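Taking it in order: structure first as structure tokens, then the write-up.
Read-outs: derived from the displayed coordinates by stated rules, not from any lab. Everything numeric here is computed off the predicted structure, so don't read it as measured data. Every residue, glycine among them, receives a Cβ derived from its backbone with ideal geometry; neighbour counts consider all protein chains shown.
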Amino acid sequence: MLSVENLQAAYGSTQVLFDVGLQIGEGEVVTLLGRNGMGKTTTVRSIMGACRVMGGDIRFTGRAITGAVPEAVARLGVGLVPEGRQVFPTLTVRENLVATAANRLKRSDPWTLERVYTLFPRLKERANQSAGTLSGGEQQMLVIGRALMTNPKLLILDEATEGLAPVIRTEIWQCVARLKREGQSILLIDKNIGILKRLADRHHILEKGRTVWTGTGADLARDAEAVERYVGI
């Protein structure tokens with residue numbers, strides 16, 4: 001579904017990515033791992049068309065999207081849950097969810113308000129509450145729901161559990177596991193290696209803007225040295 005090869009990207013004149021590669025198949029959950037500042041979010045921004053790509057190839061469902069503008073990437077079916085949540089604070093929960101809702105791919109069972117409310121009942125309780133007044137965990141549920149309302153082929157979660165209370169983290173991981181069972185393709189960035197080893201199909205580790213390790217969860221469990229060297233767990 002998503003193919004990234006030899007990706008190079010920069011902010012202004014400063015090159016940040018030098019050789020990033022990753023593959024995501026239909027229905028797969030794949031991770032990007034690495035310490036802070038290694039290029040994970042920049043890789044996501046490059047895929048979404050929000051960062052200047054200097055070289056390499058990005059393809060989504062066989063179509064070249066290298067250098068495409070963000071709205072074009074989104075229309076093709078890539079949904080992003082950005083780092084830092086970024087809700088529309090003055091809009092209500094319901095308004096946040098419907099603001100970008102679409103079923104461009106004509107799914108027979110699209111994500112709707114009620115379906116999101118079933119996934120996150122707390123959002124239904126707060127449907128008419130301003131998003132800016134929600135707790136951090138509730139805002140995270142909201143941005144995941146907002147991304148799902150675009151009915152994406154690929155869902156990208158950038159640090160979906162960062163800074164959340166353990167009980168909320170558990171709820172988010174249960175949500176991701178449910179989406180996987182339903183066949184949703186997902187790209188995950190997170191630091192919880194224990195959960196990711198069990199949940200994801202494959203992993204890619206970044207170090208200083210380069211993909212330095214790729215393998216399955218079983219490979220990751222066996223190669224503790226690589227995890228320690230590159231991820232610092």
* Asked: Each label point is 7 Å from the Cα along the Cα-to-Cβ direction; what then is the distance between the points at A127 and E83, in nm?
  -> 3.5
* Spatial separation of Cα centroids for the range 170-195 and the range 198-233, in angstrom -> 17
* Kindly put R94, R85 in sequence by how many other C-beta atoms sit within 10 Å of each C-beta, fewest to most. => R94, R85
* Structure fact -> Heads up, the range 1-64 by the C-alpha gyration tensor (a ≥ b ≥ c square roots of eigenvalues; a/c under 1.5 rounded, else a/b over b/c prolate, else oblate) looks oblate
* Classify the range 90-203 as rounded, prolate or oblate, taking a ≥ b ≥ c as the square roots of the eigenvalues of its Cα gyration tensor: rounded when a/c is under 1.5, otherwise prolate if a/b is larger than b/c and oblate if not. => oblate
* Asked: Stokes-Einstein at 37 °C, 0.692 mPa s, Kirkwood radius from Cα pairs: D for the chain in µm² s⁻¹?
  -> 182
* Total Lys pairs in the chain closer than 22 Å by alpha-carbon, pairs eight or more apart in sequence or interchain only? -> 11
* Asked: Could you give the angle, 0 to 90 degrees to the nearest 10, between helix 136-148's Cα long axis and the longest principal axis of the Cα atoms of the chain?
  -> 80
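Does the range 41-110 classify as rounded, prolate or oblate by the C-alpha gyration tensor (a ≥ b ≥ c root eigenvalues; a/c under 1.5 gives rounded; else a/b over b/c gives prolate, otherwise oblate)? Don't skip to the end; give the middle numbers.
Values: a/c = 3.00, a/b = 1.41, b/c = 2.13.
Here the range 41-110 falls in the oblate category.
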* Starting from the Cα of A102, move 7 Å in the Cα-to-Cβ direction to define the label point; list residues of the range 18-57 whose amide nitrogen is under 14 Å from there. => none
* With labels modelled as points extended 7 Å from the Cα through the Cβ direction, what inter-label distance (nm, one decimal) is found for S135 paired with A64? -> 4.9
* Cα long-axis angle, helix 166-181 against the chain (0 to 90 degrees, to the nearest 10) -> 80
* Asked: What FRET efficiency, computed as 1/(1 + (r/R0)^6) with R0 = 25 Å and r the Cβ-Cβ distance, is obtained for T216 and N192, rounded to the nearest 0.05?
  -> 0.90
* Structure fact -> With only helices counted (DSSP H, runs n ≥ 4, each -39500 (n - 2.57)), the per-residue ellipticity at 222 nm for the chain, to the nearest 500, works out to -9500 deg cm²/dmol
* What relative contact order, as a whole-number percentage, does the chain give when Cα pairs under 8 Å and 6 or more residues apart are counted? -> 28
